[in-house]
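Here's the structure we're looking at; comments come further down.
The values are calculated or read from the model by the stated rules, or taken from the named source; none is laboratory data. Owing to the predicted nature of the structure, the values given are computational and were not obtained by experimental measurement. Backbone-built Cβ (ideal geometry, glycine too); neighbour counts: all protein chains shown. Please note that ligands, DNA and RNA were not included when accessible areas were found on the heavy atoms of the full protein model with its side chains. Shrake-Rupley method; radii C 1.70, N 1.55, O 1.52, S 1.80 Å.
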Amino acid sequence: MSISNHVVINLQQIKKIYDMGGAEEVQALRGVSLQIQKNEYVAIMGPSGSGKSTLMNIIGCLDTPSSGLYEFNGVNVSEMNDNQLAKIRNKEIGFVFQTFNLLARSDSLHNVELPLIYAGVTSADRKRLAREALEHVGLGDRGHHKPNELSGGQRQRVAVARALVNRPSILLADEPTGNLDSKTGDEIMVLFEELHSQGNTIILVTHEEYIAEHAHRIIRIRDGMIEIDEIVKNRKKINTA
Amino acid sequence: MGQVFETIAHEFRESLAMALIALRINKLRSILTLLGIAVGVFSIIAVMTAMGVLLNSIESGLSQLGANTFQIQRTSNFNTGNPQERAKMRNRKNIKYAQGLLVKERATLAKAVGLEAWSGGKIVATLTGQKSNPDVAIVGEDIEGFATNNWDIGDGRLFTQSELNSGRKVAILGIQVVKKIFTKLDPIGQTIRIDGQEYEVIGTIEPKGGMLGGNQDNFVAIPLTTLFDVYGSNRDIHIMVQASSRETFDDCVEQVRGILRSARQVSPGVDDDFYLFSNDSMIEQFNDFTKYVRLGIMVISAIALIAAGVGIMNIMLVSVTERTREIGIRKAIGAKKNNILSQFILEAVVISELGGMIGIIIGILVGNILAITLSVPAIIPWDWVAIGFLVCSLIGVVFGVYPAWKASNLDPIEALRYE
């Protein structure tokens with residue numbers, strides 16, 4: 001099967017088996033195949049224990065599959081070592097977490113700068129790119145605020161700026177609104193909508209139907225398999241006040 | 001290449017900043033850890049500074065002997081700890097006046113040969129009843145002895161060759177004695193009394209200051225022959241030899257040694273039965289004398305530093321656990337194992353270096369208290385400062401490696417989940 005250039009993520013028969021000691025094994029993923037194209041907006045849904053987190057970790061190159069093929073932009077990443085995976089995570093994947101995961105003792109600017117440091121970007125460029133990314137998410141004036149001086153929504157925006165600063169191929173968001181009230185959650189979803197319209201590829205992992213319906217495509221996982229892979233017909237639109 | 005360097009430089013700054021933040025947040029814990037290193041470094045730096053000060057003091061004391069001068073006496077000024085050695089020293093024969101004269105006659109490479117003999121613990125009194133403490137040394141000196149001792153006449157004059165030959169009772173006073181007994185009168189021309197003998201004061205000697213805390217100005221110089229007349233001629237003398245130049249110094253030493261060995265009938269292959277010291281040999285002797293002190297301090301410091309290193313390892317392990325989530329975040333956004341490894345090692349090095357810095361500063365200050373006591377210039381032992389920093393870096397690396405390795409091997413998924 002040939003893979004066209006605009007396929008960013010190509011999973012073929014991905015399995016993940018956890019050895020729980022002794023003869024006991026847990027099959028978290030039982031053969032998942034899916035493709036995600038450039039500029040898609042996909043939600044991965046599933047109840048807890050469905051294997052959705054495992055799938056996200058593998059897509060995010062935090063983990064490698066036990067078997068199967070994972071191609072990222074046409075490059076086989078399923079057998080990469082730690083350092084190679086770190087490089088992919090750094091340059092190609094922008095993570096947004098439920099709990100924001102900012103460095104508490106560093107200000108916004110430094111948090112956004114961090115991926116650039118590991119990418120080896122020079123100091124002057126780093127400062128400029130980090131400032132641009134913060135402006136992009138509407139926090140240009142909050143560069144020197146530490147996370148505890150920001151609201152939840154602002155923290156998540158800093159996290160989004162950090163995820164975008166290296167211009168990754170995909171934005172991988174794990175329950176990005178899980179720790180926010182519904183109003184600020186909506187604001188983040190509006191931001192995602194904007195980012196998508198600017199050409200970013202977004203993968204959203206959630207268990208909330210309401211959030212998933214912002215996406216263009218929903219992949220439902222159950223018991224380690226894809227249950228349904230569907231295009232969303234009635235997409236949620238938020239009134240941007 | 002430039003970019004690699006820039007990245008490393010930045011990582012270093014980054015790690016330094018992280019380390020300082022971590023230190024600030026856990027002040028007490030960090031200070032206690034620093035203290036261990038500081039104590040270890042302090043002890044060695046303080047002792048080495050003090051040794052340096054002593055050495056300086058000796059050097060300045062020696063340089064007062066006069067340029068290119070060495071001295072021969074019966075035994076060393078330093079006591080050896082070995083009882084057998086001590087007994088051997090005690091049994092050495094005196095250096096006789098005749099041997100001194102022989103050196104004067106035969107040492108062709110010498111510019112000047114001074115002979116002197118000392119007798120200590122005298123009371124010097126004026127005829128009007130002013131008395132010194134019984135701590136004044138009396139020295140019989142020949143004329144060249146003033147040159148080799150680097151003594152300059154302040155007021156009055158030096159005794160003449162004929163006064164020396166005839167053993168006249170004339171005296172030249174050290175400035176300390178003048179201060180003690182001639183508070184109002186001009187000493188020149190006055191008469192003083194020592195051990196029942198009366199001497200005419202003909203001059204004073206310019207002050208020389210102290211060496212190793214002693215006072216070099218508390219003495220009375222009289223002609224050597226006068227001293228022999230009064231106190232007996234079979235006395236032990238010092239021979240001071242000034243070589244004609246720096247270049248002939250070593251040859252001159254060998255020549256004088258040969259003259260004395262043959263005069264004292266020392267068989268070939270047997271050690272000298274006299275003690276010859278110059279600037280260099282004095283320093284050598286001092287280093288030898290203090291070897292065990294330094295060795296002991298080094299052992300104690302090493303033990304203290306190892307204990308402190310274990311403390312650093314402990315605190316770093318705690319730090320790694322506390323910052324598991326941070327490590328997870330860093331890994332998720334692209335930190336490689338090496339990035340995490342170097343960050344935590346650098347942090348350990350920074351803690352260690354900060355402790356080292358404190359130890360070095362306090363050590364230098366305390367070591368130089370001796371310099372103030374001996375009124376010699378304070379010193380900074382740069383070589384030991386460098387060694388101190390080097391050792392601290394080493395401790396940081398050695399004891400930081402394991403915690404850092406642990407941090408770098410954390411599974412990012414687990415680490416991100418850590419509460």
Among the strands (runs of 3 or more DSSP E) confined wholly to the range B:77-177, which include 2 or more residues that are in contact (Cβ under 8 Å) with a residue 60 or more places away in the chain and aliphatic (A, V, I, L, M)? B:110-122, B:124-126, B:136-141
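Out of everything in the range B:387-419 that is within 14 Å of chain A (Cβ to nearest Cβ) and of a type in the set (D, E, K, R), what residue ends up being most open to solvent (accessible area, probe 1.4 Å)? Outline the logic, then answer.
Going residue by residue through the range B:387-419, those that are within 14 Å of chain A (Cβ to nearest Cβ) are B:405, B:407-419.
Applying the additional criterion that residues be of a type in the set (D, E, K, R) yields B:411, B:414, B:417, B:419.
Details: B:411: 67, B:414: 107, B:417: 145, B:419: 179 Å².
Taking the candidates together, the pick is B:419.
Results for (1) touching a strand residue (DSSP E or B) at 6+ places or on another chain (Cβ under 6 Å); (2) farther than 20 Å from residue B:42 by Cβ; (3) among the β-branched types (Val, Ile, Thr), shown as yes or no for each residue.
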{"site": "B:353", "(1), (2), (3)": "no, no, no"}
{"site": "B:370", "(1), (2), (3)": "no, no, no"}
{"site": "B:376", "(1), (2), (3)": "no, yes, yes"}
{"site": "B:379", "(1), (2), (3)": "no, no, yes"}
{"site": "B:385", "(1), (2), (3)": "no, no, yes"}
{"site": "B:391", "(1), (2), (3)": "no, no, yes"}
{"site": "B:397", "(1), (2), (3)": "no, yes, yes"}
{"site": "B:405", "(1), (2), (3)": "no, yes, no"}
{"site": "B:411", "(1), (2), (3)": "no, yes, no"}
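Restricting to the range A:7-62, what's the tally of residues that are touching a residue at least 12 places away in the same chain (Cβ under 8 Å), in a strand (DSSP E or B) and either more than 25 Å from residue A:193 (Cβ to Cβ) or among the small types (Gly, Ala, Ser) (or both)?
So in the range A:7-62, the residues touching a residue at least 12 places away in the same chain (Cβ under 8 Å) come out as A:7-17, A:27-48, A:50-56, A:58-62.
In the following step, the residues that additionally are in a strand (DSSP E or B) were identified as A:7-17, A:27-37, A:41-45.
This time we only want the ones that are either more than 25 Å from residue A:193 (Cβ to Cβ) or among the small types (Gly, Ala, Ser) (or both), so: A:10-17, A:27-33, A:43.
So the answer is 16.
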Output the residues belonging to the range A:86-96 that are buried (at least 21 other Cβ atoms within 10 Å of the Cβ), hydrophobic (A, V, I, L, M, F, W, C) and more than 7 Å from chain B (Cβ to nearest Cβ). A:93, A:96
Please specify each residue of the range A:213-233 satisfying the condition of being open to solvent by 20 Å² or more (accessible area, probe 1.4 Å), closer than 20 Å to residue A:14 by Cα and outside any strand (DSSP E or B). A:223
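Quick check on my filter: what residues within the range B:22-39 are exposed (fewer than 14 other Cβ atoms within 10 Å of the Cβ) and of a type in the set (A, V, I, L, M)? First the steps, then the outcome.
Within the range B:22-39, the first condition is being exposed (fewer than 14 other Cβ atoms within 10 Å of the Cβ), and the residues that meet it are B:24-25, B:27-28, B:32.
Within the range B:22-39, B:25, B:28, B:32 meet the criteria.
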Residue, farthest from the other protein chains (Cβ to nearest Cβ), within the range A:63-77, restricted to residues that are free of Cβ contacts under 8 Å to residues at least 40 places away in the same chain and within 23 Å of residue A:27 (Cα to Cα): A:76
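Go through B:346, B:341 for me and flag whichever is within 13 Å of chain A (Cβ to nearest Cβ) and touching a helix residue (DSSP H, G or I) at 6+ places or on another chain (Cβ under 8 Å).
B:341
Restricting to the range B:300-328, what's the tally of residues that are in contact with an Asp or Glu (Cβ under 9 Å, 6 or more places away or on another chain) and at the interface with chain A (Cβ under 10 Å from one of its Cβ atoms)? So that I can check it myself, show each step before the final result.
Of the residues in the range B:300-328, the ones in contact with an Asp or Glu (Cβ under 9 Å, 6 or more places away or on another chain) are B:316, B:319, B:324-325, B:328.
When the remaining residues are screened for being at the interface with chain A (Cβ under 10 Å from one of its Cβ atoms), the result is B:325, B:328.
Within the range B:300-328, residues that are in contact with an Asp or Glu (Cβ under 9 Å, 6 or more places away or on another chain) and at the interface with chain A (Cβ under 10 Å from one of its Cβ atoms) number 2.
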Is it true that residue B:348 is assigned by TED's automatic domain parsing to the domain that holds residue B:46, in contact with a Gly (Cβ under 6 Å, 6 or more places away or on another chain) and either buried (at least 18 other Cβ atoms within 10 Å of the Cβ) or at pLDDT 90 or above (or both)? yes
Between B:370, B:354, B:365, B:374, which is in contact with a Ser or Thr (Cβ under 9 Å, 6 or more places away or on another chain), open to solvent by 60 Å² or more (accessible area, probe 1.4 Å), farther than 26 Å from residue A:102 by Cα and away from chain A (no Cβ under 14 Å)? B:365
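Here's the yes/no breakdown for (1) within 13 Å of chain B (Cβ to nearest Cβ); (2) of a type in the set (Gly, Ala, Ser); (3) open to solvent by less than 30 Å² (accessible area, probe 1.4 Å):
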site	(1), (2), (3)
A:120	yes, yes, yes
A:125	yes, no, no
A:144	no, no, no
A:147	yes, no, yes
A:151	no, yes, no
A:156	no, no, yes
A:165	yes, no, yes
Given (1) outside any helix (DSSP H, G or I); (2) within 14 Å of chain A (Cβ to nearest Cβ), residue B:331 misses just (1)
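So, in the range A:127-142, of the ones that are part of a helix (DSSP H, G or I) and not aliphatic (A, V, I, L, M), which residue ends up farthest from the other protein chains (Cβ to nearest Cβ)?
Quick first cut of the range A:127-142, residues part of a helix (DSSP H, G or I) only: A:127-136.
Of the ones still in play, those that are also not aliphatic (A, V, I, L, M) are A:127-128, A:131-132, A:135-136.
On the way: A:127: 12, A:128: 15, A:131: 17, A:132: 17, A:135: 20, A:136: 17 Å.
Here the residue is A:135.
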